[in-house]
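Asker: This is the structure, below, for whatever I ask next.
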Amino acid sequence: MAELAAVVGIGQTKYQTKHKTVSIAGLVRDAALKALQDAELTWDDIDAVIVGKAPDMFEGMIMPELYLTDALGCNGKPMLRVHTAGSVGGSTAIVAASYVQSGMFKRILTVTYEKQSESNAMWALSNAQPFSVHLNAGAGGFFAPIIREYMRRTKAPSDAGIKVAVKDRLHGARNPLAHLQLPNITMKEVEESPMLWEPLRFLESCPSSDGACAMVIANEELAAQSPKKPAWIRGAAMRSEPTMYAGREEVSPQAGIDCAKDVYAQAGISNPRKDLDCAEVYVPFSWYEPMWLENLGFAEKGEGWKLTLEGATSLDDKGDIPWNCSGGVLCSNPIGASGMIRFAEAARQVRGDAGNHQVDGAKLALGHAYGGGAQFYAMWVVGSEKA
Amino acid sequence: MSDANKEALEPITGIESPVYLDYNFTAGQATARYLTKVKEGKLVGQRCPSCRNVYIPPRGACAACGVATTEEVELSNKATVQSFTIVHIPIPGNPIKPPYVIANLVPDGANISFLHLLSECKNEDVRIGMRVEAQWKDASEWTYAMENIKYFTPIDEPDVPAEEIGRLKDA
């Protein structure tokens, strides 16, 4: 039986278009120091550091972990870098948690980041491949046809995507760390925003952000001594599948379904909509909310968009299962950190420490990340109680 | 303070430092065969001996079954639109001017889609299930690349029901 582990410290930078006055090293150190402060710990209390970021092509800095050892206090300590594309923030947290659960380390600092202002993600995700025509149009170009197929199958009205774009921005307006601050956004404004990758509009897409997110994860004994309430890790799971194979279900990939089943079984969840109090789910394009509502078992197949339109996922509509109370990826997208922000925001909720976007009395929350061609999944469930 | 020191205090908030990437692609048997045939103006795929699905471009193995693919299958110039997007923003490093349609196309005889351009049609007429055909460049321009096909254009054939696109006939 694995040991219990818990999140005892969380640190996030402000998410914004450009952090002009700090280097990448400064950015990660800022988040790391805030996590240590939150846990009332110092560098000496950390046994190992697990760092993650999205593809090196983004900033063009190959193996950035080599240069970050110093900023992250790794001198004389084990350090490991994780990479699973956009889901890396989630899988990095899970790798860190696994080392604590295994008993290998007692207390770990885990940090993820992206500095998109120094990067060109659109270029990095549009590389020519020698066996296909050079038409890869960034992440939106890849996901838009899949979204179109979801809309065809479910006959969902275009309002559903627009509603998510508004809802998550209203959530983000409650979170001072969120990049986009659009407290007055309207359905009309989203609908009239320019098409980027039809059917995806500008305001239905995530921004490009700079930022870093860090957590301190400790074993049961140390977490019990923590000055602030720990968020107990009740389940963690990862799954992968190839990007392309004949007969692949792209709208609701099997790896996502399997990953959710695994993490729910560990956390004793039989009905995610009822048993969970809230969820932080990786939704970089508005339509991925209804799609993941189905993939993660919150709604029946073909019905996800109805939950969205009913306001079930909205804090402002007093929905029963708020999704992305922090504003989600649609408000802040430092790609490598985006998954960890989901995991950390789930933990903030069950610690009762989510400020103005707190779900009253949240006891059990899901953190979710996906990446690559929707081929990598990482999820955890955190709780205010150990079991 | 000397002038030299004053100069050094000018803030530097960023310098451009481009990264270039050139690499040699080792195609392997399956993809080399595919690229060789593309240079001759033909599309070939490979059939999985286990699930019978036909892959294009063939990569030498079926990612679903985890087995090697060896049986070569010549594919048609005709294809069906599995899905598509109309791109309104430019692709970095690509001269195509937006808005343009990129479609996930399943060539007749294959069970997986590849991306290509749709053209000589109204963007608003493009739909899932639409039948299209490859328009090859002049043979003198053919090389080891899918750019040998300029783009696909609609043909006057009935749409394929969405549930059947890319599915094995006997499945």
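Asker: Any residue at all in region A:337-346 that's closer than 18 Å to A:GLY11 by Cα and more than 12 Å from the chain's Cα centre (by Cα)?
Answerer: No: region A:337-346 contains no residue that is closer than 18 Å to A:GLY11 by Cα and more than 12 Å from the chain's Cα centre (by Cα).
Asker: Moving to a separate point now. At least 3 residues that are among the aliphatic types (A, V, I, L, M) in each: list the helices (runs of 4 or more DSSP H) lying fully within region A:271-387 that qualify.
Answerer: A:335-350
Asker: Checking A:SER23 against (1) open to solvent by less than 50 Å² (accessible area, probe 1.4 Å); (2) farther than 28 Å from A:ALA224 by Cβ, which test does it fail?
Answerer: (1) is the only condition that A:SER23 fails.
Asker: Which count do you get for residues in region B:97-108 that are buried (at least 16 other Cβ atoms within 10 Å of the Cβ) and either more than 10 Å from every other protein chain (Cβ to nearest Cβ) or β-branched (Val, Ile, Thr) (or both)?
Answerer: 5
Asker: Confirm whether A:MET238 is in a strand (DSSP E or B) and open to solvent by 40 Å² or more (accessible area, probe 1.4 Å).
Answerer: The answer is yes for A:MET238.
Asker: Can you tell me which of (1) part of a helix (DSSP H, G or I); (2) within 25 Å of B:GLY129 (Cβ to Cβ) is the one A:TRP197 doesn't meet?
Answerer: Looking at each condition in turn, A:TRP197 falls short on (1).
Asker: Got a number for residues in region A:182-194 being without any contact (Cβ under 8 Å) to a residue 12 or more places away in the chain and either touching an Asp or Glu at 6+ places or on another chain (Cβ under 8 Å) or assigned to a loop (DSSP other than H, G, I, E, B) (or both)? Steps first, answer last, please.
Answerer: The initial filter retains those residues of region A:182-194 that are without any contact (Cβ under 8 Å) to a residue 12 or more places away in the chain, namely A:184, A:188, A:192-194.
Okay, now just the ones that are also either touching an Asp or Glu at 6+ places or on another chain (Cβ under 8 Å) or assigned to a loop (DSSP other than H, G, I, E, B) (or both), so A:184, A:193-194.
Residues in region A:182-194 being without any contact (Cβ under 8 Å) to a residue 12 or more places away in the chain and either touching an Asp or Glu at 6+ places or on another chain (Cβ under 8 Å) or assigned to a loop (DSSP other than H, G, I, E, B) (or both): 3 in total.
Asker: Of the residues that make up region B:7-30, is at least one free of Cβ contacts under 8 Å to residues at least 40 places away in the same chain, part of a strand (DSSP E or B) and more than 10 Å from chain A (Cβ to nearest Cβ)?
Answerer: no
Asker: When you go through B:TYR151, B:TYR144 one by one, which is the residue that is open to solvent by less than 50 Å² (accessible area, probe 1.4 Å) and not polar (S, T, N, Q)?
Answerer: B:TYR151
Asker: Scan region A:29-39 and tell me whether some residue there is assigned to a strand (DSSP E or B), under 27 Å from A:VAL381 (Cα atoms) and among the acidic types (Asp, Glu).
Answerer: For region A:29-39, residues assigned to a strand (DSSP E or B), under 27 Å from A:VAL381 (Cα atoms) and among the acidic types (Asp, Glu): absent.
Asker: Can you confirm whether region A:322-345 contains a residue that is among the basic types (Lys, Arg) and buried (at least 24 other Cβ atoms within 10 Å of the Cβ)?
Answerer: Yes; the residues of region A:322-345 include at least one that is among the basic types (Lys, Arg) and buried (at least 24 other Cβ atoms within 10 Å of the Cβ).
Asker: So, in region B:67-83, of the ones that are touching a residue at least 24 places away in the same chain (Cβ under 8 Å) and open to solvent by 50 Å² or more (accessible area, probe 1.4 Å), which residue ends up nearest to the other protein chains (Cβ to nearest Cβ)? Before the answer, list the steps.
Answerer: Just the residues of region B:67-83 that are touching a residue at least 24 places away in the same chain (Cβ under 8 Å), to begin with: B:69-83.
Going one step further and asking which of them are open to solvent by 50 Å² or more (accessible area, probe 1.4 Å), we end up with B:70-72, B:74, B:77-78, B:82.
Values: B:THR70: 16, B:GLU71: 14, B:GLU72: 15, B:GLU74: 17, B:ASN77: 15, B:LYS78: 17, B:GLN82: 8 Å.
Within region B:67-83, the match that is nearest to the other protein chains (Cβ to nearest Cβ) is B:GLN82.
Asker: Counting residues that are within 14 Å of chain B (Cβ to nearest Cβ) and over 17 Å from the mean Cα position of the chain (by Cα), which helices (runs of 4 or more DSSP H) fully inside region A:78-171 reach at least 3? I'd like the intermediate steps shown before the answer.
Answerer: Details: elements: A:88-101, A:121-124, A:138-154.
Hits in region A:78-171: A:121-124, A:138-154.
Asker: Listed residues A:GLY367, A:GLY361, A:GLY372, A:GLY352; which is open to solvent by 10 Å² or more (accessible area, probe 1.4 Å) and either without any contact (Cβ under 8 Å) to a residue 60 or more places away in the chain or under 16 Å from the mean Cα position of the chain (by Cα) (or both)?
Answerer: Only one candidate passes the filter, namely A:GLY372.
Asker: Oh, and also: Which residue is farthest from the other protein chains (Cβ to nearest Cβ), if the candidates are limited to region A:172-195 and must be touching a strand residue (DSSP E or B) at 6+ places or on another chain (Cβ under 6 Å) and crowded, with 19+ Cβ neighbours inside 10 Å?
Answerer: It comes out as A:LEU177.
Asker: Among the listed residues B:ILE91, B:ILE86, B:ILE56, which satisfies the condition of being within 7 Å of chain A (Cβ to nearest Cβ), in contact (Cβ under 8 Å) with a residue 24 or more places away in the chain and surrounded by 19 or more Cβ atoms within 10 Å (Cβ to Cβ)?
Answerer: B:ILE86
Asker: Return the residue satisfying two criteria in turn: it lies in region A:52-68 and is touching a strand residue (DSSP E or B) at 6+ places or on another chain (Cβ under 8 Å) and open to solvent by less than 50 Å² (accessible area, probe 1.4 Å), and of such residues it is nearest to A:TRP123 (Cα to Cα).
Answerer: From region A:52-68, those touching a strand residue (DSSP E or B) at 6+ places or on another chain (Cβ under 8 Å) are A:52-54, A:58-59, A:63-65, A:68; that's our starting set.
Remaining after also requiring open to solvent by less than 50 Å² (accessible area, probe 1.4 Å): A:52-54, A:58-59, A:64-65, A:68.
Numbers: A:GLY52: 21, A:LYS53: 17, A:ALA54: 14, A:PHE58: 8, A:GLU59: 11, A:PRO64: 19, A:GLU65: 22, A:LEU68: 24 Å.
The selected residue is A:PHE58.
Asker: Looking only at region B:111-141, filter to residues that are facing another protein chain (nearest Cβ under 9 Å), closer than 21 Å to A:GLU249 by Cα and open to solvent by less than 40 Å² (accessible area, probe 1.4 Å); which one of those is farthest from the chain's Cα centre (by Cα)?
Answerer: Top of the filtered list is B:ILE128.
Asker: Do you know which of the residues in region B:142-171 that are within 16 Å of the chain's Cα centre (by Cα) and β-branched (Val, Ile, Thr) is nearest to the other protein chains (Cβ to nearest Cβ)?
Answerer: Only one residue tops the list, namely B:ILE149.
Asker: Considering region B:33-53 alone, what residues qualify as being over 22 Å from B:GLU164 (Cβ atoms) and facing chain A (nearest Cβ under 10 Å)?
Answerer: If the condition is that a residue be over 22 Å from B:GLU164 (Cβ atoms) and facing chain A (nearest Cβ under 10 Å), then B:TYR34, B:LEU35, B:VAL38 are the ones that fit.
The values are calculated or read from the model by the stated rules, or taken from the named source; none is laboratory data. Every value quoted in this text rests on a predicted model; they were computed, and no experiment measured them. Cβ sites come from the backbone with ideal geometry, for glycine too, and all protein chains shown count toward neighbours. Ligands, DNA and RNA are excluded from the accessible area calculation, which covers all protein heavy atoms including side chains. Shrake-Rupley method; radii C 1.70, N 1.55, O 1.52, S 1.80 Å.
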